[in-house]
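Below: one structure, written as structure tokens.
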Amino acid sequence: MAADGNIKPAKKLSLKENYAMLTRGLGWEPTYEKKEDVFRFIDFEGIKIHDWDKWEDPFRLTMDAYWKYQGEKERKLYSIIDAFQQGNGQFNVTDARYVQALKIFLNGIVELEYASHRGFCMLGREFPGVGPRIAAQMQSIDELRHATTQIHAISHYNKYFEGMDRFPYQFDRVWYLSIPKSFFEDACTSGPFEFIVAISFAFEYVLTNLAFMPWMSGAAFNGDMSTVSFGFSAQSDEARHMTLGIEVIKFLLEQDPANVPIVQKWIDKWFWRGYRLLALLATMMDYILPKRVMSWGEAWTIYYEENGGALFADLARYGIKPPKYADVTIKEKNRVSHEMWSVFYANRDAVGFNMWLPSEEEMNWFSEKYGETFDKHYRPRYEYWRQLEKDGKPFTCKCLPQLCQTCQWPCLYTEADDPTEFVHRESIYRNETFHFCSDGCKDIFDDEPEKYVHAWMPVNQIYQGNCFLPGVDPTAPDFNPMVEALKYMGIRPGIDGGLFKDSLDAKRWEQWTSRPANIHEGAYTDAVRSTDGPMNAPNKAG
């Protein structure tokens with residue numbers, strides 16, 4: 001107020017001043033509590049931070065601007081989803097096989113988005129610096145938005161297809177979902193700096209680049225505009241998240257030279273953990289998409305070898321090297337999806353989605369993309385298994401596999417230089433032997449054995465009798481441990497899993513659309529992919 005009593009107009013703030021007032025200007029220093037007592041976990045990892053103000057905000061957003069932009073994206077997204085639903089868009093996808101990929105995505109990826117939301121909420125509490133606190137809070141909201149939009153987009157398919165209505169229950173119990181679950185539980189039980197390196201680097205930079213680029217392009221190519229909508233709506237957020245991950249690493253490296261070996265160890269660890277998790281995505285891209293955009297090997301070349309090479313060339317000036325065992329991933333890129341599909345096929349009655357053997361046309365595509373690797377090692381296997389199916393004696397695995405103590409995948413990967421030899425590594429800790437699928441997983445365990453000896457291993461728990469519903473009597477004459485374990489997991493024998501050609505999804509698809517769903521007899525023609533046929537179906541398959 002001026003001396004004459006008149007109200008003096010406030011000075012208009014510049015954009016920079018306004019941004020500072022609404023972000024860092026909201027922070028304060030504690031007075032009646034010690035700072036080390038308020039931020040209790042900031043020191044135990046050994047990271048040294050000398051000046052939090054050196055943190056460069058990669059988002060450059062205030063909350064009012066954030067909500068405005070996200071609200072606009074939400075309106076566009078849900079209008080597309082509504083149009084997809086009203087137009088019976090579920091019948092415009094190439095085939096009911098495609099829906100099996102959505103089951104894996106809903107069960108294995110959506111829950112990770114929610115876990116990431118919880119993790120960044122914790123970072124918003126634990127970081128002393130105002131800049132990273134605000135960045136963590138915005139990313140936390142992003143991750144929650146991604147989880148909800150993905151559930152809404154995929155939920156429409158639940159009206160017509162099986163296996164998508166129990167995903168929160170299954171995420172905690174199904175054996176192959178322990179792989180993504182253990183990834184985030186490992187990250188969330190780390191310190192705040194390791195968590196943000198793990199998620200913003202391994203999950204955002206390595207994993208989501210592959211999940212939201214070639215995978216979403218594959219969804220579009222197969223007519224699933226609902227999934228494409230949430231994928232592209234999330235991609236602008238993912239671009240910010242990747243920027244945050246790179247900024248975090250550079251900030252830590254610039255603060256103190258002692259941080260370099262710690263960050264390098266985390267990069268090595270979480271690169272390998274993220275890579276093992278990506279085996280799910282590799283399988284979806286190569287085998288479940290009826291119409292493919294690119295092979296997993298091509299995607300890994302573009303999105304890791306080329307993009308990742310540029311990243312590590314930039315980080316080299318800080319003393320950071322490419323991740324340990326990166327060379328192994330390059331050697332495995334031409335076979336990892338085939339190994340995973342073989343594992344799932346052999347255990348198809350214990351998964352929540354249907355399986356099949358690739359058609360001749362599809363095997364020719366694999367030959368084109370993977371050359372001698374596929375023709376020498378995998379085509380003969382599939383041809384043998386197909387003959388067994390024709391003879392009425394389809395191949396199945398009669399026992400449960402040994403799991404890797406770190407990543408929890410079955411120990412069925414092969415040696416980097418010999419695809420005919422299984423990898424098997426062991427470590428002895430406190431007179432107990434632990435098993436691993438790779439040198440990378442063994443190294444991670446050996447560095448922190450106390451963390452991983454407590455892992456809840458599904459196969460071990462099944463054999464110990466801990467995976468049965470209450471009231472089950474293991475001494476009953478008709479007791480079948482595998483059937484009871486599947487009930488505990490939420491997988492319904494005879495409905496979920498099994499061969500695709502015998503599934504309810506395939507039968508209903510043919511009934512509703514008059515389009516064949518048997519993938520064993522020849523190629524998919526344009527006539528098969530046409531949208532002719534009845535487009536009205538029951539509201540819920542059942």
Discussion item. Test of understanding: among 80, 134, 109, which residue is open to solvent by 10 Å² or more (accessible area, probe 1.4 Å), under 19 Å from residue 243 (Cβ atoms) and either aliphatic (A, V, I, L, M) or free of Cβ contacts under 8 Å to residues at least 12 places away in the same chain (or both)?
Written reply: 134
Fill in: Odd one out for residue 167 among (1) over 15 Å from residue 109 (Cα atoms); (2) crowded, with 19+ Cβ neighbours inside 10 Å
(1)
Discussion item. Cβ contacts < 9 Å: first residue part of a loop (DSSP other than H, G, I, E, B), restricted to segment 287-300; second residue β-branched (Val, Ile, Thr), any location; separation 6+ or different chain. Result?
Written reply: 289/94; 290/93; 290/94; 290/519; 291/94; 294/302
Fill in: In segment 412-427, residue most open to solvent (accessible area, probe 1.4 Å) [restricted to those that are closer than 19 Å to residue 338 by Cα and without any contact (Cβ under 8 Å) to a residue 40 or more places away in the chain]
422
Item to complete: Return the total of residues in segment 319-341 being in a helix (DSSP H, G or I) and either open to solvent by 40 Å² or more (accessible area, probe 1.4 Å) or free of Cβ contacts under 8 Å to residues at least 40 places away in the same chain (or both).
Response: 3
Worksheet item: Can you find even one residue in segment 390-407 that is of a type in the set (A, V, I, L, M, F, W, C), in a loop (DSSP other than H, G, I, E, B), open to solvent by less than 80 Å² (accessible area, probe 1.4 Å) and touching a Cys at 6+ places or on another chain (Cβ under 7 Å)?
Response: yes
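This table checks each residue for (1) buried (at least 18 other Cβ atoms within 10 Å of the Cβ); (2) of a type in the set (Gly, Ala, Ser); (3) in a loop (DSSP other than H, G, I, E, B).
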{"site": "117", "(1), (2), (3)": "yes, no, no"}
{"site": "122", "(1), (2), (3)": "no, no, no"}
{"site": "147", "(1), (2), (3)": "yes, yes, no"}
{"site": "154", "(1), (2), (3)": "yes, no, no"}
Worksheet, complete the sentence: Within segment 41-78, the count of residues that are small (Gly, Ala, Ser) and more than 23 Å from residue 143 (Cβ to Cβ) comes to 1
Worksheet entry | Residues of segment 342-363 satisfying the condition of being part of a loop (DSSP other than H, G, I, E, B), more than 20 Å from the chain's Cα centre (by Cα) and over 19 Å from residue 292 (Cβ atoms) | 347
Practice prompt. Just give me the residues in segment 451-463 being closer than 15 Å to residue 483 by Cα and more than 23 Å from the chain's Cα centre (by Cα), in sequence order.
Written response: 461, 462, 463
Discussion item. Tell me the residue from 129, 87 that is farther than 21 Å from residue 227 by Cα and at pLDDT below 90, please.
Written reply: 129
Worksheet item: Looking only at segment 428-477, which residues are among the acidic types (Asp, Glu), free of Cβ contacts under 8 Å to residues at least 24 places away in the same chain and open to solvent by less than 60 Å² (accessible area, probe 1.4 Å)?
Response: 448
Discussion item. Show me the helices (runs of 4 or more DSSP H) found entirely inside segment 190-270 where at least 3 residues are modelled with pLDDT of 90 or more and buried (at least 20 other Cβ atoms within 10 Å of the Cβ).
Written reply: 192-197
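The values are calculated or read from the model by the stated rules, or taken from the named source; none is laboratory data. Everything numeric here is computed off the predicted structure, so don't read it as measured data. In this analysis, Cβ positions are derived from the backbone assuming ideal geometry, glycine residues included, and neighbour counts consider all displayed protein chains. Each accessible area value is taken on the protein alone, full model and side chains, heavy atoms only, with ligands, DNA and RNA left out. Shrake-Rupley method; radii C 1.70, N 1.55, O 1.52, S 1.80 Å.
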